[in-house]
Amino acid sequence: MERKYKLSKIKYELPMCLVVMSYNNVENDRYKFCLNSIFRQDYSNYQVIYIDDTSEDKTGEYAQKYIDEKAPYPEKFKVIVNPYRQGGMANEKLGREECPEDSIFINGPDGDDAFSGTQVLQLYNAFFQKNDVWVIWSHFSCVSNTMRYYRDRRYPKKMMEEHTIRDNKYFASQLRAFYNKLLLKVETKDMKD
């Protein structure tokens, strides 16, 4: 059963742009699993950039057909099929460039993942408005027939004090949501270690 949050006093819906990065997600209809979770969002001011990174199973073509047939607002979706495999960072950069500068960029869900519930975009909207934030690092959970894993941990105080977050590659995930204009100002060369 989905948990429903009381989201009162939210003035308006901020524009959001979701970038879905996908690769070989036709098996078991994983692309449908992802897209259905977006279709069900109780939020209207969004658009989706769906990037297929040259899937061998033609995920991008299947996704486009499914969007055309099932999406409540197909005009909100743009499917891009890369001419050659580019990888995560290049696809994220492509997605950011396709999103309006004044939007909130949301990295995900990935092509084989899904939002949990119908209020995910409402929750992002509430956090960005109520807390005057520019960046959100959010958690995820992985659920399958064989495992249940939650990435829902606080940073240890010692790690924060010693500024060693980046030294632990298994602790942090990438930024999940931020004002797009923030990262559009960062050059690609500055994003490399």
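The values are calculated or read from the model by the stated rules, or taken from the named source; none is laboratory data. Owing to the predicted nature of the structure, the values given are computational and were not obtained by experimental measurement. Because the Cβ atoms are built from the backbone with ideal geometry, glycine has one as well, and the counts that use them run over all protein chains shown. Surface accessibility is based on the protein's heavy atoms, side chains included, excluding ligands, DNA and RNA. Shrake-Rupley method; radii C 1.70, N 1.55, O 1.52, S 1.80 Å.
Oblate is the label for the stretch 38-101, because a/c, from the alpha-carbon gyration tensor with a ≥ b ≥ c as root eigenvalues, is 1.5 or above and a/b does not exceed b/c. The simple spin-label model puts a point 7 Å past each Cα toward its Cβ; for L184 and V135 those points are separated by 1.9 nm.
A straight chain from K4 to F33 at 0.36 nm per residue would run longer than the Cα-Cα distance by 8.4 nm.
Determine the shape class of the stretch 1-131: with a ≥ b ≥ c the square roots of the Cα gyration tensor eigenvalues, call it rounded for a/c under 1.5, and otherwise prolate if a/b is greater than b/c, oblate otherwise. In terms of gyration-tensor shape, prolate.
Kindly state, to the nearest 0.05, the FRET efficiency for T118 paired with A90, given R0 = 35 Å and r defined as their beta-carbon distance. Efficiency at R0 = 35 Å is approximately 0.65. Element breakdown for the stretch 64-112 at a 1.4 angstrom probe: carbon and sulfur atoms account for 47% of the accessible area. Using θ = phi - 60° in the Karplus curve 6.51 cos²θ - 1.76 cosθ + 1.60, the 3J(HN,Hα) couplings for the stretch 102-117 round to 8, 8, 8, 7, 10, 8, x, x, 5, x, 10, 10, 8, 6, 9, x Hz; x is entered for Gly and Pro. Which of rounded, prolate or oblate describes the stretch 79-127 when judged by the alpha-carbon gyration tensor and an a/c cut-off of 1.5? Oblate is the answer for the stretch 79-127, as a/c is 1.5 or above yet b/c matches or exceeds a/b.
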